[in-house]
Amino acid sequence: FGMQHDEAVKAYRLAKESVPEMRLLVTEGEKEFFEDLFPYVDTWIFRFAHFEDERIAGYAKRMREAGKNVSVYACYTSPRQDPSRYYRQLSWKTAAWGGSFVSLYQLIDNPYDASFHRATYGGVTYWTDEGLVPSIRLKSLLVGMTDIRYLRMLERLAAGSGNAALVREAQEFVAKSIDEVTHTQQNDAARPDGFRHECVRFIERIIKHGASMH
């Protein structure tokens, strides 16, 4: 957040007052700006590194309760980052905070400044003679997003079943999955795969008993 506090608050206030229907977004700055910008901001993208901060988690909750959007972002893409905890878990941590979307701030390098020889700089794609190649880091992000899609599919199918007990079971499964992957078992890289397999079996059980996919 490159603006001074008073300048930022004034800019967001004037923007919202001048064009009330304008959707305003903030990335980071939650520790310094949240309280004063909260009335004007429609979407807040919180920093990945603040996930363990209970105060910031409370900010995310207030955004959701006010009907506003939440996301979590990462931007350090060095190959030294753990693909599971940093990239795959990004989607899970966004889900834990009730986020609407995931954010990875990394420009796609052009052919003149990206190659395997500069891997330590952390580009998420590489140019080769065969064209653009995604890194394992980018693929891990996609895997995490797919994990959450399965959990959301399970919730929709359970809700469409008309079975209150099944809805409760699905909600408990999703909550347990997200809590273990992001908190109690976050160092277990196999945990997301295990929950995804369980989720698929749960979905198959619901479909077998006639719940609609739509």
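The values are calculated or read from the model by the stated rules, or taken from the named source; none is laboratory data. Not measured: the values here are computed from a predicted model. Here the Cβ positions follow ideal geometry from the backbone for every residue, glycine too, while neighbour counts run over all protein chains shown. What goes into the accessible areas is simple: the full protein's heavy atoms, side chains included, and nothing from ligands, DNA or RNA. Shrake-Rupley method; radii C 1.70, N 1.55, O 1.52, S 1.80 Å.
Number of residues in the stretch 135-160 that are within 14 Å of the chain's Cα centre (by Cα), over 17 Å from Y73 (Cα atoms) and open to solvent by 50 Å² or more (accessible area, probe 1.4 Å): the value is 2. The number of residues in the stretch 27-85 being among the acidic types (D, E) and either within 25 Å of G123 (Cα to Cα) or within 13 Å of the chain's Cα centre (by Cα) (or both) comes to 2. Does H183 satisfy the condition of being out of contact with any helix residue (DSSP H, G or I) (no Cβ under 9 Å at 6 or more places or on another chain) and not β-branched (V, I, T)? Here the answer is no, as H183 does not meet what is asked.
Tally the residues that are in contact with an Asp or Glu (Cβ under 8 Å, 6 or more places away or on another chain) and of a type outside the set (K, R), restricting the search to the stretch 33-63. Final tally of qualifying residues: 6.
Against the test of being part of a helix (DSSP H, G or I), modelled with pLDDT under 95 and either small (G, A, S) or touching a strand residue (DSSP E or B) at 6+ places or on another chain (Cβ under 8 Å) (or both), the options A170, A189, A175, A159 yield a single qualifying residue, A159. Residues that are open to solvent by 30 Å² or more (accessible area, probe 1.4 Å) and over 23 Å from D179 (Cβ atoms), at least 1 per element: which helices (runs of 4 or more DSSP H) completely within the stretch 1-107 meet that? Per the criteria, 5-18, 30-37.
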